[in-house]
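What follows is a set of notes on a single structure, which appears directly below.
The values are calculated or read from the model by the stated rules, or taken from the named source; none is laboratory data. Computed from a prediction, not measured in an experiment: that's the story for all the values here. Cβ: placed from backbone, ideal geometry, glycine included. Neighbour counts: every protein chain shown. To get the accessible areas, we keep the full protein, side chains included, count just its heavy atoms, and leave off ligands, DNA and RNA. Shrake-Rupley method; radii C 1.70, N 1.55, O 1.52, S 1.80 Å.
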Amino acid sequence: MKKIFSSLLFSIFLSIFCITNAYSWGFYGHRVINRMAVYTLPPEMFGFYKAHIQYITENAVNPDRRRYAVEGEAPRHYLDMDIYGDSAWLKLPHRWKDAVEKYSEDTLMAYGIVPWTVEKFRWKLTNAMERGDAKAIIRLSADLGHYIGDSHVPLHSTENYNGQLSGQYGIHGFWESRLPELYALQYDFFVGKAQYVENTQERAWEAIIGSHIALDSVLRFEKQLTQQMGDDQKWSYETRGSTTQKLYSRPFSKAYHDMLNGQVERRMRQSIKTVGDFWLTCWVDAGQPDLNKLLLSDKEQEELDKEMKELEPSEGQSAPTLPQKPREHEGH
Ligand SMILES: [Zn+2]
């Protein structure tokens with residue numbers, strides 16, 4: 001009885017662990033993406049972004065933190081494309097107004113609105129740049145980076161976002177947290193210079209469509225590997241601080257990562273490039289304001305510092321090492 005009880009407790013604990021980890025790109029991935037995107041910017045923008053890189057890195061996770069507190073926040077992070085039918089997702093209207101007309105706002109909100117959110121925040125950031133509002137620029141850059149990052153995660157494009165419909169529960173955190181935490185330090189984050197985006201709406205859609213196309217291998221390979229390796233080899237128990245967690249084992253993670261053949265790295269690199277491209281586009285569309293002249297008031301700085309403090313890992317929590325900047329290629 002005692003054993004049943006404790007294993008019950010353990011599975012409750014595990015499901016809580018899995019739920020709290022079902023964030024987009026995991027906190028780690030979002031931080032890496034926003035941080036690396038700063039290094040794509042031209043000199044006119046780089047100074048300002050570098051001065052605030054710590055905030056932009058740490059606050060890459062802000063939209064996920066307010067997910068349950070702010071009404072209407074949750075659907076901004078995904079788009080369940082499969083809900084709309086086998087090929088209907090390819091015909092989803094890309095303009096918000098057209099989509100509302102075709103499906104109603106309630107339906108869209110129920111199944112996710114990430115590409116429209118990217119467009120909305122692109123607009124907001126452009127506006128903040130026009131106003132020369134330093135604090136808003138920093139905050140909105142971090143937010144926009146988050147939604148663009150989410151758009152590149154295959155499991156953000158499906159109703160089966162955590163493998164719950166295919167007996168693969170937990171795959172969300174596996175793909176977007178566990179794998180980057182294990183392998184991101186080996187990835188090549190040198191993605192070149194940010195470029196102006198002519199059609200931001202279409203670019204936002206390309207990201208989520210690319211994710212949906214990649215989804216099949218994400219699910220299929222995990223299933224194949226589970227059949228090959230069995231549950232014994234699939235799971236391991238690791239102690240982090242004072243807690244023991246059930247994790248996808250290292251051999252299973254490696255085999256899956258190999259099978260995906262660079263997919264996680266490719267999606268991260270595309271996220272970084274797109275974030276840089278969007279920040280640059282906002283700045284150009286705002287008339288290329290002199291960002292170096294923008295200063296925060298003491299009060300604003302204090303507010304941002306306070307927000308940063310709240311994000312610091314609490315005692316006993318160890319955060320995986322973050323790459324500080326992209327490794328320059330030889331010859332660059
Ligand atoms: Zn998210």
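Just a few scattered comments:
- The stretch 167-191 - residue that is touching an Asp or Glu at 6+ places or on another chain (Cβ under 9 Å) and of a type in the set (S, T, N, Q) and, of those, nearest to Pro326 (Cα to Cα): Gln186
- Close Cβ contacts (under 6 Å, 6 or more residues apart or on different chains) running from residues in the stretch 268-281 that are within 10 Å of Gln195 (Cβ to Cβ) to residues that are of a type in the set (S, T, N, Q) and open to solvent by 10 Å² or more (accessible area, probe 1.4 Å) comprise Asp277/Gln195.
- Filtered by the rule that a residue be assigned to a helix (DSSP H, G or I) and open to solvent by less than 20 Å² (accessible area, probe 1.4 Å), the stretch 186-209 gives Thr200, Ala204, Trp205, Ala207, Ile208.
- Those helices (runs of 4 or more DSSP H) of the stretch 52-109 in which at least 2 residues are away from the ligand (no atom under 16 Å from the Cβ) and open to solvent by less than 30 Å² (accessible area, probe 1.4 Å), considering only elements entirely within it, cover 53-58.
- Here Leu219 meets each of (1) surrounded by fewer than 16 Cβ atoms within 10 Å (Cβ to Cβ); (2) in a helix (DSSP H, G or I) with one exception, condition (1).
- Scanning the stretch 35-51 for residues that are over 17 Å from the mean Cα position of the chain (by Cα) and either small (Gly, Ala, Ser) or over 19 Å from Thr281 (Cα atoms) (or both), we see that the one that is most open to solvent (accessible area, probe 1.4 Å) is Ala51.
- Contacts under 6 angstrom Cβ, first residue in the stretch 24-48 being more than 20 Å from Ala134 (Cα to Cα) and among the aromatic types (Phe, Trp, Tyr), partner open to solvent by 10 Å² or more (accessible area, probe 1.4 Å) and modelled with pLDDT under 95, 6 or more apart: Tyr28/Glu181; Tyr28/Pro320
- Qualifying residue in the stretch 140-158 (condition: over 11 Å from the mean Cα position of the chain (by Cα), open to solvent by 10 Å² or more (accessible area, probe 1.4 Å) and within 20 Å of Gln270 (Cβ to Cβ)): no
- Residues of the stretch 130-176 satisfying the condition of being among the hydroxyl-bearing types (Ser, Thr, Tyr), within 14 Å of the ligand (Cβ to nearest atom) and either in contact with a Lys or Arg (Cβ under 8 Å, 6 or more places away or on another chain) or over 19 Å from Arg31 (Cα atoms) (or both): Tyr147, Ser157, Tyr161
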